[in-house]
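Shown next, in structure tokens, is the structure this report addresses.
The values are calculated or read from the model by the stated rules, or taken from the named source; none is laboratory data. Treat the numbers as computed from the prediction; the structure is a model and nothing was measured. With ideal geometry, Cβ positions are generated from the backbone for all residues, glycine too; neighbour counts draw on all protein chains shown. With ligands, DNA and RNA removed, areas are computed over all heavy atoms of the protein, side chains included. Shrake-Rupley method; radii C 1.70, N 1.55, O 1.52, S 1.80 Å.
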Amino acid sequence: MSAVPKILATLFHPLLMTTYGTAAYVFIVRRIDFLAAGNVNWLILGLIFTSTFLLPLISVFIMYRFGMIGSMEMHTAKERNWPLIQSTVIYLVALFAMNTRIIPTFIQLLTLTAAVCMLEALIINLWWKISLHMIGIGGLCGALIITARNDSNVPLGLLSAVFVIAGIIGTARMISGAHNILQITAGFLLGIVSASVLFALIG
């Protein structure tokens, strides 16, 4: 049973939320618009996966190899500072690079939300260890809520599934002892509010 929270933490890693949001958008929300595009869906997904997950992961691995952090899991708040800074920079560079018509506004806003949330997490992390996993899934929840308000193509089932996943992640983080209920709740609220505000103002 102890392996389950670890598997869930890996499957729903905060850096994967932009990729999952992209997949949900191109294959579920806008599936009719993108149907004729063929491989464009996979091209966009590959670009997002590489720029928002693989590159930050590689940078964290390099920091681990050079002894800048004690583990890839970054158990302590202090270990998170440099990875958060580097990941934020990578996301902002990716956002600048994807400022093109081929990348839907939803995906660009989701990437911006992730970068903003990481900056917020970095500031909070100087004093307190907040749940990055819950910030990530909370941001995805907020993005989909505001998008659903303006786009009838967002199915209720998708929204429900994301909120159920948020509950599962939060429970797994508590069971593993990685965070307490306050850190989990604060992370989720930070993510959902940040995403909701950015999508409502810019989207």
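Using a probe radius of 1.4 Å on heavy atoms only, what accessible surface per residue do you get for the chain? Whole Å² is fine. Before the final figure, lay out the partial values.
Numbers: 10420 Å² over 203 residues.
Result: 51 Å² per residue.
Filter the chain for me: DSSP H helices, axial length by Cα at least 18 angstrom, mean Kyte-Doolittle hydropathy not below 0.0. List them by residue number.
Values: long enough: 81-97 (24 Å, 1.35); 105-125 (29 Å, 1.75); 132-150 (28 Å, 1.26); 156-175 (29 Å, 2.03); 181-202 (31 Å, 2.26).
Going by DSSP H runs, the hits are 81-97, 105-125, 132-150, 156-175, 181-202.
Eigenvalues of the Cα gyration tensor times 5, then square-rooted: what semi-axes does that give for the chain, in whole angstrom, largest first?
Working: eigenvalues 144, 76, 49 Å².
Largest first, the chain gives 27, 19, 16 Å.
Which one of Thr76, Ser194, Gly139 has its Cα pushed farthest toward the positive end of the charge dipole of the chain, where Lys and Arg give +1 and Asp and Glu give -1 at the Cβ?
So the residue we want is Thr76.
Which of the trypsin sites (Lys or Arg not before Pro) found in region 95-203 are loop residues per DSSP with 14 or fewer other Cβ atoms within 10 Å of their Cβ? Spell out each step's value before the answer.
Numbers: sites: Arg101, Lys129, Arg149, Arg173; in loops: Arg101, Lys129.
Answer in residue order: Arg101.
Note down the nm distance, to one decimal, between modelled labels 7 Å out along Cα→Cβ at Leu119 and at Ala3.
4.2 nm
For the chain, what is the relative contact order in percent, using Cα pairs closer than 8 Å and at least 6 residues apart in sequence?
On the way: 245 pairs, mean separation 55.3, N = 203.
Relative contact order of the chain: 27 percent.
Just the number, please: carbon plus sulfur as a percent of the accessible area of the chain, 1.4 Å probe, no ligands or DNA/RNA counted.
Details: 7440 of 10420 Å².
About 71 percent, which is the carbon plus sulfur part of the accessible surface.
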